[in-house]
Amino acid sequence: MLSTQIEWPEDMDIMLADMPPSTASEVFSFFDHLEGLTGVLIVTQPSEIAALGMTRTIDFLKQKRLPVIGLVSMMDGYLCPRCGEVSYQLLSPRLDMEKEARKCGVPWLAAIPQTPDPAQLYPYFRDLAAKILQSRPLKLQRESLLQKLQGKAGELGVKAAARIIKDRE
């Protein structure tokens, strides 16, 4: 359906896909139908069961040579709307997702707590956005641009395309 029934824009910057923490063939075939993917952001919960699916997914992405932008832990604690402190009373047992990211060899990006006041999450998402924009996979877009220029430039070759990119920076 991704490749045959949906007309995608030619140059799409971002696609969000909310997928289950699974290693089912449907999830993996999703990645097989995407071209030019520059990075995958893994979002999970800080629990052992979620980490199991996350680990399998990261292993699959590495096998497919799809870059992982990083790991984000959602619903990681409870942010008190009055005092702003994060507590973990609702998570039993809570898994340290920063440690899990290191074990998987992917960048750790953020732990986003739960709160009844969404305005309190602004700093968390602002910091997360800054980390994503500085990530290595986004630099791959530059390499992708180089490949597009190589294809369009024809006889100009690699060196000429690299000079064009350098001039654009």
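The values are calculated or read from the model by the stated rules, or taken from the named source; none is laboratory data. What you see is a predicted model, and the numbers here were worked out from it, not measured in a lab. Calculation scope for accessible area: heavy atoms of the full protein, side chains included, ligands and nucleic acids excluded. Shrake-Rupley method; radii C 1.70, N 1.55, O 1.52, S 1.80 Å.
Worth a mention:
- Annotation: extensible slack from residue 59 through residue 26 equals 10.3 nm (criterion: 0.36 nm per residue apart, minus Cα-Cα distance).
- Taken over region 74-117, the percentage of Cα pairs per 10 Å bin, counting from 0 up to the bin with the maximum distance, is 27, 46, 23, 3.
- Surface calculation, 1.4 Å probe, protein heavy atoms: residue 31 sits at approximately 20 Å² accessible.
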